[in-house]
Amino acid sequence: QVEFVESGGALVQPGGSLRLSCAASGSIRGYTMAWYRQTPGGQREFIARISVGGITNYTESVKGRFTISRDLTRNTLWLQMNSVKPEDTAVYYCGAPNRGYWGQGTQVTVSS
């Protein structure tokens, strides 16, 4: 089982940018990878995914603002977050959803 560790969460002002990182303990080459987020009392929400073949998909609310990317040589996944909004505040998780493998999450707070 591959383990994931997210980092990069922080307090950021509305309109600002943030990059989240997800380091895997092993190869992610064979996994569809994704970012999800969860607010207190809320369900875990899909944000973005990148398929084995490199195809990306985003939830509508982040299209044009967030970008998912990966480096297979470094077993690392990123989420570039631009033009952030208060409603982006959540704990962000990376993982391989088809395998049920998830990290522990990183807190992103968007507030002035």
Residues of the stretch 16-42 with backbone N under 12 Å of the label point set 7 Å from the Cα of Ser83 along Cα→Cβ are 16
Residue by residue through the stretch 62-75, the couplings from Karplus 6.51 cos²θ - 1.76 cosθ + 1.60 with θ = phi - 60°, in Hz, x for Gly and Pro, are 10, 4, x, 10, 10, 9, 9, 8, 8, 10, 5, 6, 10, 6
Simple spin-label estimate for Glu45/Arg74, 7 Å along Cα→Cβ, in nm, reads 2.9
Out of Gly16, Gly42, Gly26, a Gaussian network model of the chain with alpha-carbon springs under 10 Å gives the largest mean-square fluctuation to Gly42
The equivalent-ellipsoid semi-axes of the stretch 1-63, taken as the square roots of five times the Cα gyration tensor eigenvalues and listed largest first in whole Å, are 22, 15, 13
Sequence order, the stretch 21-36: Karplus ³J(HN,Hα) from phi using 6.51 cos²θ - 1.76 cosθ + 1.60, θ = phi - 60°, Hz rounded, Gly and Pro as x, gives 10, 9, 9, 9, 7, x, 5, 10, 4, x, 10, 6, 10, 8, 10, 10
Of all stretches in the chain that avoid trypsin sites (Lys or Arg not before Pro) placed in a DSSP loop and having at most 13 other Cβ atoms within 10 Å, the longest is 30-62
Rounded to 0.05, the calculated FRET efficiency for the beta carbons of Gln107 and Arg29 at R₀ = 22 Å is 0.15
Rounded to whole Å², per residue accessible area for the chain with a 1.4 Å probe reads 51
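The values are calculated or read from the model by the stated rules, or taken from the named source; none is laboratory data. From a predicted model like this one, the values you see are computed outputs, not experimental measurements. Backbone-built Cβ (ideal geometry, glycine too); neighbour counts: all protein chains shown. Side chains are part of the model used for accessible areas, which takes the heavy atoms of the whole protein and leaves out ligands, DNA and RNA. Shrake-Rupley method; radii C 1.70, N 1.55, O 1.52, S 1.80 Å.
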